1. Anything in segment 416-441 that is part of a loop (DSSP other than H, G, I, E, B) and without any contact (Cβ under 8 Å) to a residue 40 or more places away in the chain? List them, or say none.
2. If you go through segment 78-88 one residue at a time, do you hit one that is of a type in the set (Ser, Thr, Tyr), at pLDDT 90 or above and either more than 23 Å from Ile296 (Cβ to Cβ) or crowded, with 19+ Cβ neighbours inside 10 Å (or both)?
3. How do the helices (runs of 4 or more DSSP H) wholly within segment 225-292 filter down when requiring 2 or more residues that are closer than 20 Å to Ala353 by Cβ and not hydroxyl-bearing (Ser, Thr, Tyr): which remain?
4. With (1) modelled with pLDDT of 90 or more; (2) more than 21 Å from Glu209 (Cα to Cα) as the list, and Lys459 as the residue in question, which single condition is left unmet?
5. Scanning segment 369-423 for residues that are surrounded by fewer than 18 Cβ atoms within 10 Å (Cβ to Cβ) and acidic (Asp, Glu), which turns out nearest to Ser488 (Cα to Cα)?
6. Taking the conditions exactly as written (farther than 29 Å from Leu424 by Cα, modelled with pLDDT of 90 or more, assigned to a helix (DSSP H, G or I) and among the hydrophobic types (A, V, I, L, M, F, W, C)), does Phe466 satisfy them or not?
7. Given the residues Lys487, Lys478, which is the only one that is out of contact with any strand residue (DSSP E or B) (no Cβ under 8 Å at 6 or more places or on another chain), part of a loop (DSSP other than H, G, I, E, B) and either over 20 Å from Gly288 (Cα atoms) or touching a residue at least 40 places away in the same chain (Cβ under 8 Å) (or both)?
8. Search segment 370-391 for residues being among the charged types (D, E, K, R) and over 16 Å from Glu266 (Cα atoms), and hand back the single one that is modelled with the highest pLDDT.
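The values are calculated or read from the model by the stated rules, or taken from the named source; none is laboratory data. As the structure is a prediction and not an experimental result, all values here were calculated from the model. Using ideal geometry, Cβ is built from the backbone for each residue, glycine included, and neighbour counts are taken over all protein chains shown.
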Amino acid sequence: MSSACTSIKMTDKDGDLSFINKEATQWRDIPSKPIEYASKEETIFLSGGLTLLQDKLVEAALNSMDIHFIALPNPDFKSFQTGKAFGNRGQCNPTYFTVGNLVKYLQNLRDEKGLSAEEIVKKYVYITAGGCGPCRFGMYITEYKKALRDAGFEGFRLTSFEHDKGIFQGDEIKEDILDFSPTFFITLIKAIIIGDIINLLGYKMRPYEIEKGATDKALESCKEIVSKAFLSHSSLIKAMWKCRNLLSQVKLDRLQPKAKVMVMGEFWAAMTEGDGNYNLHRFLEAEGAECIPQPIINRLMLSLWEAEQALHKKEQLEVKDAKKIDFSNVKTRLLIKAGKAAVKTHFTLYAKAIGLHDYDIPDIEQLAKFAKVYYTLECSGGEGHLEVAHLIESVKHNLAHLVISIKPFGCMPSSAVSDGVQSLVTSRYPQANFLSIETSGEGAANFYSRVQMALFKAKQSAKEEFEALEMPEHIPQKINNYLYQPKSDMAGTAAALIKSLKN
């Protein structure tokens with residue numbers, strides 16, 4: 001552990017032998033003293049862990065419903081150090097980054113803002129992802145409580161969100177402190193979808209900007225426009241049109257042959273934008289690549305697909321004296337279909353408004369067909385069959401010059417796929433340029449070195465693809481307008497644009 005990490009002090013309970021000769025009892029993770037928590041009106045919700053843009057849009061969306069919600073700052077290396085200091089050994093770095101970021105934020109409230117630890121515990125609630133899985137995912141709530149207790153915030157409320165088991169599952173928190181109405185979920189999903197769309201456009205534009213930083217500046221303005229639309233309950237489609245006008249002013253030079261890199265893998269590691277994955281996306285862009293990120297809508301569609309498959313299995317079971325028609329199953333199926341339709345409709349509306357034309361919502365059923373030869377579809381841990389399917393899809397449809405699967409060190413669901421199943425996939429698709437790589441919170445030099453080696457081959461492929469095409473005599477101005485997004489069988493953006501002029 002680094003010297004900076006060891007300088008963070010935690011409660012020292014070593015040497016306490018009071019448990020000797022005591023009768024063994026069932027361990028329960030409850031505060032040592034009863035706590036009277038704040039009322040619904042005074043409760044402040046904390047969360048984070050999506051992309052930087054989506055965290056802020058979710059904050060605006062929930063505040064528009066009179067929910068006092070604060071998106072935590074982006075976790076940095078100090079968050080990792082704090083998480084390691086207060087957490088148990090052997091956790092994956094998303095846990096260290098996430099819990100360390102929460103502890104760091106609460107410490108700032110106490111030490112810089114002047115709030116007492118008791119007041120923080122009473123007023124604040126943290127919402128995180130939860131669930132069962134083939135790794136330590138199901139133990140995260142307990143690990144968080146241990147770290148918070150040792151940091152001086154015993155009794156701080158934590159709860160987890162799962163797509164198939166309701167909302168509050170970590171603590172026995174009164175459900176009336178939040179109104180989980182259809183409006184709540186629809187508004188939340190709108191924020192996530194819009195964030196996905198704007199992020200996708202940002203990754204398409206940033207590698208080709210003429211003025212460095214122009215795209216990020218425009219994206220920041222888009223964030224403010226959409227946030228204000230949520231808070232004022234005004235039209236989100238009009239807000240996206242305003243963003244369209246802003247983005248169209250960013251000057252681009254898109255006839256640069258750049259390697260296109262698909263980034264996938266463990267959800268948090270592939271999505272986060274910061275020290276948690278060594279700023280992978282920005283590093284790739286600095287090295288002359290264009291990223292294809294995995295939007296959150298992919299995981300949302302996978303969750304709906306998994307729910308549909310679980311329902312199908314339930315209906316296939318032969319149960320004695322069962323009803324001919326189980327209306328609960330019918331209702332669930334209708335809700336799943338309505339959910340898929342709502343997601344696709346909202347995505348299409350907002351994407352057309354801002355000018356994202358060439359992105360299709362993933363067909364999870366088709367991806368499942370790609371993957372089922374190599375991967376058991378019943379295994380739902382991690383990203384399920386998506387990692388295998390995305391690699392095969394990228395080869396069959398020529399989507400990328402390089403596919404990177406990134407995950408935390410020791411991530412069982414992702415590592416089992418990338419280090420096991422994908423070796424069979426790449427043996428059958430030798431043209432695939434695939435890199436499986438891990439993060440540990442430290443060791444960035446080795447990480448970057450491996451990425452650069454794989455990227456060298458990808459750059460060569462992009463250059464050869466571009467140079468094999470005959471350059472037309474006249475290049476129309478529309479080529480450098482982000483709104484021009486032609487469909488093509490070419491992987492690289494520059495090659496796709498040139499080929500489109502000949503069709």
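1. First, the residues of segment 416-441 that are part of a loop (DSSP other than H, G, I, E, B): 429-433, 440-441.
Selection gives Tyr429, Pro430, Gln431, Asn433.
2. Yes, the conditions are met somewhere in segment 78-88.
3. Working: elements: 236-247, 267-271, 280-286.
Filter on segment 225-292 gives 236-247.
4. (2)
5. Asp419
6. Considered against the rule, which asks whether it is farther than 29 Å from Leu424 by Cα, modelled with pLDDT of 90 or more, assigned to a helix (DSSP H, G or I) and among the hydrophobic types (A, V, I, L, M, F, W, C), Phe466 comes out as yes.
7. Values: Lys478 fails: part of a loop (DSSP other than H, G, I, E, B).
Only one candidate passes the filter, namely Lys487.
8. Of segment 370-391, the ones among the charged types (D, E, K, R) are 372, 378, 383, 387.
This time we only want the ones that are over 16 Å from Glu266 (Cα atoms), so: 372, 378.
Working: Lys372: 91, Glu378: 79.
Only one residue tops the list, namely Lys372.
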